[in-house]
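Below is one structure. I have some questions about it.
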Amino acid sequence: MTSSISPASPRLPARVIESGNQVGRMLSAAASAPLDLIIRLWLAQGFVLSAILKLTDWNTAILLATYEYPVSWMSPAQAAWTGVGVELIGGLLLAVGLATRPAALALAALTLVVHVEYHELNSNLYTIGLLLSLALTGARGLSLDQLLGKGMGDSALPGGLLLHRAYALLDRHALPLVYLLQRLLVALVLLTALGQLAPQLLASASYDPQPLAAWFGRITFLDPGDGSPLLQTAAVGSVLRGLLVASALLLAAGLATRMAALVALLCLLSVALQGELAPLVSSELTFLASLLLLILVHGPGVLATDEWLKRGLQGQQGPLPAIDPALPHVVVVGAGFGGLAVVAGLRRSRCRITLVDQHNYHLFQPLLYQVATAGLSPADIATPVREHLREMAETANSDAERTAWMNFVIVGAGPTGVELAGAIAELARHGMSGEFRQIDPAQARVILVQSAERVLPSFPVSLSAATQRSLTALGVDVRLNSRVEAIDAQGVTVSGLRIPAHCALGRRCGGIAGSRVARRRGGQGRSHPGRA
């Protein structure tokens, strides 16, 4: 393997943004799953404990359903059984992360009924918000949904493929909206808690401000004593107040989002440590802190100023400059510890660097004995060199050249071609994320060319259709009834259409050929399938 790198570095703003993005990705990878589990367990324990208390004293539960929080369209017994069932089953499912989306939706609906029919509490609104967020995003890493959901699209369960596609649509289209609403909700609560959105600001409107002012009052932190905004009556200094207002405005705009969430979280922690908060208000601060932690870990989403600035600055960078042939040329032989250390040490030097190795991976030799004794997998001690030096599309000097390096054309949709196309697509979209600075591996195009009218023509039609659906879901461009007319170093011609690509893969079967051993002996030998 040979890899060349340039000492050129991107502009300072882009480098700062990229460093922030790397920190954000590391934070999300490390804390997303544990935070999701903590929030699910925290929400679930409240519902499960409520159900257990009602089951242990059923007469009291019936009396409460009759007089305290009657539901107009249900009898007391029906309301009690329905509430207990949703709390117990939904809470347990939420805790283990199984069927998280429908369980969270059912619990949110139950909480809404309690809020409307029984008692309007700010904590109910925050609980509904967190549950709706789980209903749209689903459970992350530490959940049964993640463990069992990977094969849902290919399983024989009735409706499995439809449910898999529905969840994929939610992940693609609902997540940006969820992140936006979370930011706006936190900003609104912070500003109303500080008294910045006073009803007087609404009085100048042409419509009646009373309903809207009353609605603001419902989501405002209120001191149980005199009804004034909580964070105004608490011992909040001018600096702390200014930081909270600035954080709320930045969160609403999605600008420096993670930093704003961290500052707001520290400010609220400072307020809580003063010990002047009522227990009810302290619980509300816990909900708000949970929302801030979600924003801190997951980031602002694509509907944010941060994302637009990042794209704008990355677009202004342009392609990396060509390597100056007049610079000194350093050739490093071997991608071991020494070779990588030399390359890393020279990365900012005015020189050309070429790393040569017979393999495309770096081997961590001190743990070889663990592989030999089956303690580790070989993949655990072999790291691709591309993670350290970044491959050919990364250093391309033009968009056309970069596109050619990121196009993969596979000729033939038999078993080998189908498996190869799926493997490359999965590697590009999942196995190589975060390993490049200039390109997104998920944007790689995998084109599977088949001259027949379906993939896997030697298999039943139903299997061919299922295979094509799976390939399409992975992002593979399947082209049927198409023929490859020419292949060269610059691309492939498919049915008169030119596709720029530096990588074309195919497998041809040469029919029946005689054994090479038999030919050397001068005999006919037994025939067997040959490959060309």
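Just want the ordering: ARG479, ARG498, from fewest to most Cβ atoms lying within 10 Å of their own Cβ. Spell out each step's value before the answer.
On the way: ARG479 18, ARG498 12.
Lowest count first: ARG498, ARG479.
Can you tell me how much longer the chain between VAL356 and GLU426 gets when fully stretched, taken as 0.36 nm per residue apart minus their C-alpha distance, in nm with one decimal? Write down the numbers at each step before the final one.
On the way: separation 70, 0.36 × 70 = 25.20 nm, distance 2.75 nm.
Contour length minus the Cα-Cα distance gives 22.5 nm.
Still on this structure, I have one more. So for MET259, MET406, fewest C-beta neighbours within 10 Å to most, what's the order?
Working: MET259 14, MET406 23.
Least to most surrounded, the residues fall as MET259, MET406.
Could you order the peptides 345-353, 121-129 from most to least packed, using the average number of other C-beta atoms within 10 Å per residue? Mind dumping the intermediate values first?
Details: 345-353: 14.0, 121-129: 18.7.
Highest to lowest by the protection proxy: 121-129, 345-353.
Taking the mean number of other Cβ atoms within 10 Å as a proxy for protection, how do you rank 367-377, 175-185, 485-495 from highest to lowest?
Details: 367-377: 11.5, 175-185: 18.6, 485-495: 13.6.
Taking the mean over residues of other Cβ atoms within 10 Å, the ranking is 175-185, 485-495, 367-377.
With a Förster radius of 45 Å, plug the Cβ-Cβ distance of VAL461 and LEU273 into 1/(1 + (r/R0)^6) and report the FRET value to the nearest 0.05. Mind dumping the intermediate values first?
Values: r = 68 Å, r/R0 = 1.50.
Efficiency for this residue pair is about 0.10.
On full extension of the chain, what length is gained from ALA166 through VAL302, given 0.36 nm per residue of separation minus the C-alpha to C-alpha distance? The partial results should precede the final answer.
Details: separation 136, 0.36 × 136 = 48.96 nm, distance 2.06 nm.
Length gained between ALA166 and VAL302: 46.9 nm.
Rule-based calculations on the coordinates, nothing more; no lab input. These figures come from a predicted structure and were not determined experimentally. Here Cβ is always computed from backbone atoms with ideal geometry, including for glycine, and neighbour counts include all displayed protein chains.
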